[in-house]
Amino acid sequence: MNDCLFCKIIKGEIPCSKIYENEFVFAFKDIDPQAPFHAIIVPKEHISSADEINADNSHLIGKIFEAVAVIAKQENLNNGYRVVNNCGKDGGQTVGHIHFHLLARRNLAWPPG
Ligand code: AMP
Ligand code: ZN
């Protein structure tokens, strides 16, 4: 995926504030944070959206949530957090590489707007 913003961030072609990386997953600070702590967590393999999860790649979503637990401990998110995936136009997805927002350090409203 030559033209994918998050693939370029993963490859180091676009700078980011990295907070975590392993063989499967990459995480960095959101450039426009919606909470005092706001990270973006992505699989290194390009998957366009939640709509493209299938039996061949769904193990990577498990890797995302393993990373969430590691990052929460690393960043001392002791009061809890929210994990959000936006999918498609109505879901508010603006970058076509599946990603999970990890939001914390404020009381997050529910239901979301
Ligand atoms: P979404 O609207 O769910 O597709 O989320 C995309 C997120 O990526 C938004 O929260 C943006 O602020 C964030 N974003 C866009 N470009 C960058 C970038 N270069 N570095 C970090 N985060 C970014
Ligand atoms: Zn990509």
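Derivation of every value follows stated rules applied to the coordinates shown; laboratory data play no part. Since we're looking at a predicted model, the values are computed, not measured. Positions of Cβ are backbone-derived with ideal geometry, glycine not excepted, and every protein chain shown enters the neighbour counts.
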Inset, instruction - Can you tell me the relative contact order of the chain? Whole percent, Cα pairs under 8 Å, sequence separation 6 or more. - result: 30 percent
Inset, instruction - Would you compute, from DSSP H runs of 4+ residues alone, the mean residue ellipticity of the chain at 222 nm, taking -39500 (n - 2.57) per run and dividing by the full residue count, rounded to the nearest 500? - result: -6500 deg cm²/dmol
Inset, instruction - In whole Hz, with x marking every Gly and Pro, tabulate ³J(HN,Hα) for region 67-82 from phi via Karplus 6.51 cos²θ - 1.76 cosθ + 1.60, θ = phi - 60°. - result: 5, 4, 5, 5, 5, 4, 6, 4, 9, 6, 8, 6, 8, x, 6, 10
Inset, instruction - Could you tell me what % of all Cα pairs in the chain have separations over 26 Å? - result: 14 percent
Legend entry - Taking 20, 81 and counting other C-beta atoms within 10 Å, the order from fewest to most: 20, 81
Legend entry - Nearest-20 debye value, the chain charge dipole, Cβ charges on Lys, Arg, Asp, Glu: 440 debye
Inset, instruction - Compute the length gained on full extension between residue 13 and residue 82: take 0.36 nm times their separation in residues and subtract their Cα-Cα distance, giving the result in nm to one decimal. - result: 22.0 nm
Inset, instruction - Taking H placed 1.01 Å from N in the peptide plane, check which residues at least 5 places from residue 25 or on another chain put their amide H under 5 Å from its amide H. - result: 44
Legend entry - Two-site label geometry, residue 24 and residue 75: point separation in nm, points 7 Å out along Cα→Cβ: 2.0 nm
Legend entry - Pair residue 51, residue 95: separation of 7 Å Cα→Cβ label points (nm): 2.0 nm
Legend entry - Karplus (6.51, -1.76, 1.60) ³J(HN,Hα), θ = phi - 60°, over region 95-110, in Hz, Gly and Pro reported as x: 10, x, 9, 3, 8, 10, 7, 10, 10, 6, 6, 8, 6, 8, 5, 9
Inset, instruction - Go through 29/63; 18/89; 29/89; 8/73; 8/29; 18/73 and tell me which ones have a Cα-Cα distance over 21 Å in this structure. - result: 18/89; 29/89; 8/73
